[in-house]
1. Show the residue pairs that are 6+ apart or on different chains and have beta-carbon atoms under 7 Å apart, the first residue being within the range 212-229 and more than 14 Å from Ala329 (Cβ to Cβ), the second being of a type in the set (D, E, K, R).
2. Report, ordered by the first and then the second residue, all pairs with beta carbons closer than 6 Å, sequence separation of six or more or different chains, a first member in the range 273-288 that is more than 10 Å from Leu140 (Cβ to Cβ), and a second member that is open to solvent by 20 Å² or more (accessible area, probe 1.4 Å) and hydroxyl-bearing (Ser, Thr, Tyr).
3. For the range 302-324, give me the residue count where each residue is touching a Leu at 6+ places or on another chain (Cβ under 9 Å) and not small (Gly, Ala, Ser).
4. Tally up the residues in the range 285-338 that are aromatic (Phe, Trp, Tyr) and under 20 Å from the mean Cα position of the chain (by Cα), please.
5. Which one of the conditions (1) farther than 20 Å from Ile298 by Cα; (2) among the acidic types (Asp, Glu); (3) at pLDDT 95 or above does Glu342 fail to meet, given that it meets all the rest?
6. With the condition kept exactly as written, say whether any residue in the range 183-191 is part of a strand (DSSP E or B) and within 28 Å of the chain's Cα centre (by Cα).
7. Only one of these is of a type in the set (A, V, I, L, M, F, W, C) and surrounded by fewer than 18 Cβ atoms within 10 Å (Cβ to Cβ): Ala250, Ala258, Ala254, Ala290. Name it.
8. Does any residue of the range 222-241 turn out to be in contact with a strand residue (DSSP E or B) (Cβ under 7 Å, 6 or more places away or on another chain), farther than 22 Å from Val415 by Cβ and either part of a loop (DSSP other than H, G, I, E, B) or modelled with pLDDT of 95 or more (or both)?
Amino acid sequence: MVGANPKFPIVDRASRAMSSAMPRRVLPLRCHWAAMAALVVPLSFVLVQCGKAPNPEMLAANTDGAKSRAAKPQASVDTFDDRFPQPQFVDRFPRAGESLPQVQRQVALAPQPRAVRTEPVRVASLTPTLTLPRNEREELTTLVSMKSSAFPYFGTNPRSEEPFLNIVKGDRKGHRSYSGKVYWQDETYNDSRVLVHVPETFDVRKPGVIVVFFHGNGATLERDVRDRQLVPQQISDSGVNAVLLAPQMAVNAADSSAGKFWQPGGFKRFIEESASHLARLYGDPKSAQAFANMPIVIVGYSGGFLPTAWSLEVGGLPNRVRGVFLLDAVYGELDKFASWIEKNRTGFFVSAYTRYTKRHDLELMQMLRDRGITVTESMDGPLKPGSVVFVQTPDGVTHRDYVTQAWTEHPVKDVLVKMAATPALTRLAGAPYANR
């Protein structure tokens, strides 16, 4: 045996180490083999076990869901939530005061530019695709704390002119939502972070856009906007020269409050503050001037209709907003949407809806037609200046999954691609940077 040969010298040396007074006895050859078997056979069982995969029951015992399996009926044992419990937002990210140092570390660790290569880049306001040389760089998705983000907010609710925080219990302040549920300021309205995404293909020297995404109710930036709705991924996959800003609204709550976006000029302050953050994350602080001039596309999903409507009405940047895209989000504020559409005939407006918002979408369509504005009900073809599109999605498309599955898979990506096919929808934002 090949594996047994090294053992024999060890046995021989052990024999020679015995006391000379002990008479040497020659053991029969079969005794040697018996002794070796007694050592090797148990060892072989250990080695065999090392090569096996862990027992499934042992793996299940290491999950949080296994703790409650015995108490559940068999039909509900093997569920996704049992095997993959959702992480809590606070477990993965620091509090607001700790976000900026984290961002600075990520920027400092960003890889240096490597060899130049070419690949297709979709330019926002020129032609759909161009082959451009660029330096390789990794995309960045992170959280940045911004003073001008939606919350904390200590102002009034413009609809009632009453303080937004209208509930007091001891040292705590809270807000009673439209449904009557009370949400506390320190838990729900105290997160000033913004999800920022800069794709690796983004080139500040080329025409680009800033996409602002207002999420819906019951959402967090990491769990929903990034991981479930795939908004950063859709931006990257579109190939459009775009960056993303997604402010945290009410944290994981059934509340659409707009916070600082209710205030006149609130949206403008948010965009202005973002320019320096985007420039730093991009890796060149001098690019802040380009970000400060880029056109904006607002995407509002579900409860995100409220900050979208108020940003259009009082945000202070009507001419820079070149597109509005609502995802099953026309729950109200029809006058604000109609007014923006009527005054901004060089931009585009798209509303995709299910049966939940159909009544309001039909009402908004009629309002626009009464004002002489042409409305189409198909997403075929590119978007053009002045396009107003309403598209109903069939039954079976769920509201919860609407950001990833509406009339098409990944609708945010689809709208950006259609926008990029029309040069007139955006203007040259990179010129001040390119000419420096």
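The values are calculated or read from the model by the stated rules, or taken from the named source; none is laboratory data. Treat the numbers as computed from the prediction; the structure is a model and nothing was measured. Note: ideal-geometry Cβ built from the backbone for every residue, glycine included; neighbour counts use all protein chains shown. Surface accessibility is based on the protein's heavy atoms, side chains included, excluding ligands, DNA and RNA. Shrake-Rupley method; radii C 1.70, N 1.55, O 1.52, S 1.80 Å.
1. Between residues of the range 212-229 that are more than 14 Å from Ala329 (Cβ to Cβ) and residues that are of a type in the set (D, E, K, R), the close pairs are Leu221/Arg193; Glu222/Arg92.
2. Ser287/Tyr433; Ala288/Ser276
3. So the answer is 6.
4. 3
5. Failing condition for Glu342: (1).
6. yes
7. Ala254
8. no
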